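Note sheet for the following structure.
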Amino acid sequence: MMSTLRRVLYAFFIAALLTPAMAQEGALPAGPGAELVYAKCQQCHPLRYVTESAGLPDFLWADTISLMVQLGMQVTAEEEELLYSYLTTYLGMNPPPEPAENDAVAAVSNVDPVQAYATNCSACHGADGAGQAGGFPPIVGHASQLAQADRGYLVNLVLYGVTGPITVAGNDYNGMMPGWSHLSDDQIAAILNHVVADLDPSADLPGGLTPYTPEEIAGARDAGLDANAVYESRPSLP
């Protein structure tokens, strides 16, 4: 394992020197498997650790995935295969050209909220929103309370992330959720509506709330917040 670790860390260092432009942007190239990389890799480290490694040969991406699994990344065999396919294709030695902007927009124009949540949120918060004891807080029911207290808070939470101690359902958590601003406005609106309404036991938008809209998400993208600022704005709940 130590030999693999040294080889992977050395490759990360070399790749970081060669790819400053991509590292500054902090976004993954569009392609099958990109959302899985966002979901799995940001659980433990910043996304730049991945983007700075663009250009690695296939065997080093295989070593990297193997090491991450040894360190606790939970993936199915199918997910591991998809991660390898994406990383070696789009962040490998011979990546394809970026798709045209119109093609990228069309790819996310019809959003399945259940699938969007499953791909981007369920790894931490669970398929049913119940969270993971001691690690990730539940959002079922809690998200609807936050939305009623300050509907804009959830938008900023997803766009910019949050960090700091919180208490949910009598349990304490102190971690960091990364921002998901790489998702489209349609995807974020669909996920929020799914979390607030569909995962809530009432299966209804609570308190007369109206559904989140893509335009609402777009309007919050220029707020210039960070995870600490979002934490400071967190509503106080009874």
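Points worth noting:
- Gly129 more than 22 Å from Ala229 (Cα to Cα), touching a residue at least 40 places away in the same chain (Cβ under 8 Å) and among the small types (Gly, Ala, Ser): yes
- Annotation note: of Ala27, Ala54, Ala23, the sole residue that is hydrophobic (A, V, I, L, M, F, W, C), at pLDDT below 80, surrounded by 17 or more Cβ atoms within 10 Å (Cβ to Cβ) and assigned by TED's automatic domain parsing to the domain that holds Ala77 is Ala23.
Results for (1) under 20 Å from Cys44 (Cβ atoms); (2) in contact with a Phe, Trp or Tyr (Cβ under 8 Å, 6 or more places away or on another chain), shown as yes or no for each residue.
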residue	(1), (2)
Gly131	yes, no
His142	no, no
Pro165	yes, yes
Gly179	yes, yes
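- Residues of the stretch 151-179 that are surrounded by fewer than 20 Cβ atoms within 10 Å (Cβ to Cβ), touching a residue at least 60 places away in the same chain (Cβ under 8 Å) and not in a helix (DSSP H, G or I): Thr163, Gly164, Ile166, Pro178.
The values are calculated or read from the model by the stated rules, or taken from the named source; none is laboratory data. Model, not experiment: these values are computed from the prediction. All Cβ positions, glycine included, derive from the backbone under ideal geometry; neighbour counts span all protein chains shown.
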